[in-house]
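Right, one structure below, let's go through it.
The values are calculated or read from the model by the stated rules, or taken from the named source; none is laboratory data. Quantities reported herein were computed from a predicted structural model and do not represent experimental measurements. Ligands, DNA and RNA are stripped out before the accessible areas are found, and what is left, the full protein with its side chains, is counted by its heavy atoms. Shrake-Rupley method; radii C 1.70, N 1.55, O 1.52, S 1.80 Å.
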Amino acid sequence: MNSHDDVLILGAGVAGLAAAARLHEAGVRVRVLEARDRVGGRVWTLEEEGTAIELGAEFIHGRPPEIFSVAERAGLDLVELGGENFTSDGMTVKKFDFFRKSESVLHKMSDKGPDRPFTEFVREHIGEEDPEKLQWALRYVRGFHAANPGLISVHAMVRESEAEEKIDGDRGFRGQHGYGPLIAWYEKRLAGVPIELNTRVFGLAWNKDDVNVGVVKDRVRHYYKASKAVITLPLSVVQSGDVRFEPELPEKKAAADQLVMGKVLRVTLRFRKRFWTSRKEGMPDLKKLHFLMADDHYFPTWWTTHPLETPLLTGWAPDVCAEALDGKSREEIVEQARRSLEQALPFYTEEIRETFVDGYFHDWQADPYSRGAYSYVKAGGMGAQEALGAPVRDVLFFAGEATEADGHHATVHGAMATGMRAAGEVLAVLRK
């Protein structure tokens with residue numbers, strides 16, 4: 001049995017790091033338990049020849065105070081993204097404002113009346129009279145929310161839209177070096193805090209006085225004891241039951257069952273140069289290419305880092321597209337991404353093949369410590385995020401993007417906010 005800590009943090013993702021940093025700086029004895037061999041969770045930045053490649057979270061949506069208030073101290077060097085958007089049918093590429101096309105439908109959403117899945121709402125307001133508009137609305141929900149339109153809550157989408165408006169959510173940013181500096185900043189703040197990597201939690205026994213957490217490390221079981229615990233496990237891990245609570249927490253299971261972990265497979269292709277900036281006959285000028293929506297079964301969305309001049313194109317396979325890639329090898333998935341890009345940019349096939357260097361991705365669905373991308377609310381599930389994040393008997397506290405109830409779930413800043421919220425709840429109890 002290890003020495004008694006004040007607080008055990010389960011998970012070293014952004015929520016866990018935020019909670020640990022606030023508690024540590026308040027003088028609380030904290031220990032972090034992390035199953036992976038690194039910190040950061042679903043934030044994972046690689047650097048290849050001076051270029052930051054994100055395997056997980058990439059964008060900063062709007063100007064959230066959680067990130068913008070620390071951006072300079074963390075060395076994020078934020079750049080506002082932008083450029084021009086295009087669509088491809090496999091034969092022609094043309095400029096197209098697909099966001100505006102989708103928003104003409106999304107702006108009709110309301111949280112008045114009974115909640116319902118997005119598909120019911122959109123068919124009522126569009127029907128079959130405008131199949132193109134219907135298609136773009138469904139593609140937007142699958143792509144942006146990584147959600148099944150037949151499950152996702154309209155009321156939750158309205159709340160998310162309202163939350164984004166408050167932080168200029170129509171603007172997007174990216175760190176010049178990705179999210180890596182943010183994770184490094186948290187690690188610096190946590191100097192002296194024991195962070196136990198490769199430490200998989202299998203059980204947590206708790207009572208009104210303390211918690212005992214069982215872990216497996218190097219194939220050996222160990223136990224840690226503390227007065228409190230902050231649990232930041234991803235939604236799918238909570239739903240799996242891999243971590244056993246004693247006594248059980250049926251209210252947490254009920255809340256988790258009202259949420260869904262979205263599926264996404266994103267592949268970043270690196271090239272020797274930004275081949276798409278060379279003008280080709282029969283193609284529009286793509287020097288300011290930002291997003292490209294393609295008519296493709298596997299990777300229907302592509303984006304660049306414009307205005308950052310990196311030779312990267314990222315393909316996005318959400319929901320059913322990700323399911324279509326299940327079981328394929330790394331080589332097969334990268335090759336499929338390359339073929340999909342060739343189909344989306346048919347006039348650049350030769351350049352794609354000649355300048356291609358490598359492909360990068362992490363299968364978050366197959367990762368046992370994430371089991372998906374990020375969460376969304378089922379129709380009828382409003383209140384589930386609050387219930388999942390509510391403390392239990394002033395002993396167990398909960399954080400993570402799936403517990404964010406103000407419309408900022410599925411974001412890094414939302415996860416940070418929940419970690420700081422949980423830490424504040426712990427401090428309030430300790431100071432009683």
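Given contacts defined as C-alpha pairs under 8 Å and at least six residues apart, what's the relative contact order of the chain, whole-number percent?
Details: 924 pairs, mean separation 108.7, N = 432.
Reported relative contact order: 25 percent.
If you only keep lysine pairs separated by 8 or more in sequence, or across chains, how many in region 257-406 come under 23 Å at the Cα atoms?
Count of close lysine pairs: 5.
With every protein chain present, what accessible area does Glu354 have (1.4 Å probe, heavy atoms only), rounded to the nearest 10 Å²?
Surface open to solvent at Glu354 totals about 100 Å².
Might you work out the accessible area of Arg274 for me, using a 1.4 Å probe with all protein chains in place, and round it to the nearest 10 Å²?
Per-residue accessible area (Arg274): approximately 50 Å².
Can you list which of the DSSP-assigned H helices in the chain have a Cα extent of 15 Å or more along the long axis and an average Kyte-Doolittle score of at least 0.5?
Values: long enough: 14-25 (16 Å, 0.77); 131-145 (21 Å, -0.73); 154-166 (19 Å, -0.96); 330-344 (21 Å, -1.28); 412-430 (27 Å, 1.05).
Helices meeting the criterion: 14-25, 412-430.
On the protein heavy atoms, probe 1.4 angstrom, tell me the percent of accessible surface of region 192-269 carried by carbon and sulfur.
On the way: 1720 of 3540 Å².
Carbon and sulfur together cover 49 percent of it.
Working with all protein chains in place, sort Asp285, Asp406 by solvent-accessible area computed with a 1.4 Å probe, largest first.
Details: Asp285 60, Asp406 105 Å².
Descending accessible area places them as Asp406, Asp285.
Which distance in Å, rounded to a whole number, links the C-alpha centroids of region 58-133 and region 307-343?
Region 58-133 and region 307-343 have Cα centres spaced 20 Å from each other.
Please calculate how many Å² of accessible area region 296-395 carries per residue, with a 1.4 Å probe and no DNA, RNA or ligand atoms counted. Present the calculation step by step, with values, prior to reporting the outcome.
On the way: 3990 Å² over 100 residues.
In whole numbers, region 296-395 has 40 Å² accessible per residue.
Go through Lys252, Lys225, Lys273, Lys112 and list them by solvent-accessible area, largest first, probe radius 1.4 Å. Could the numbers behind the result be given before it?
On the way: Lys252 10, Lys225 65, Lys273 120, Lys112 155 Å².
I get Lys112, Lys273, Lys225, Lys252, largest accessible area first.
Could you tell me the relative contact order of region 1-142? Use alpha-carbon pairs under 8 Å, at least six residues apart, and round to a whole percent. If you can, show how the numbers build up before the last one.
Numbers: 115 pairs, mean separation 18.0, N = 142.
Relative contact order here is 13 percent.
Taking the solvent-accessible surface of protein heavy atoms with a 1.4 Å probe, what is the per residue accessible area of region 97-215 in Å²? Display every interim value, and only then the final one.
Details: 5720 Å² over 119 residues.
Computed with neighbouring chains in place, this is 48 Å² per residue.
Hey, if we sort Asp326, Asp394, Asp296 by accessible area with the 1.4 Å probe, largest down, what's the order?
Details: Asp326 90, Asp394 60, Asp296 25 Å².
Per-residue accessible area, sorted high to low, gives Asp326, Asp394, Asp296.
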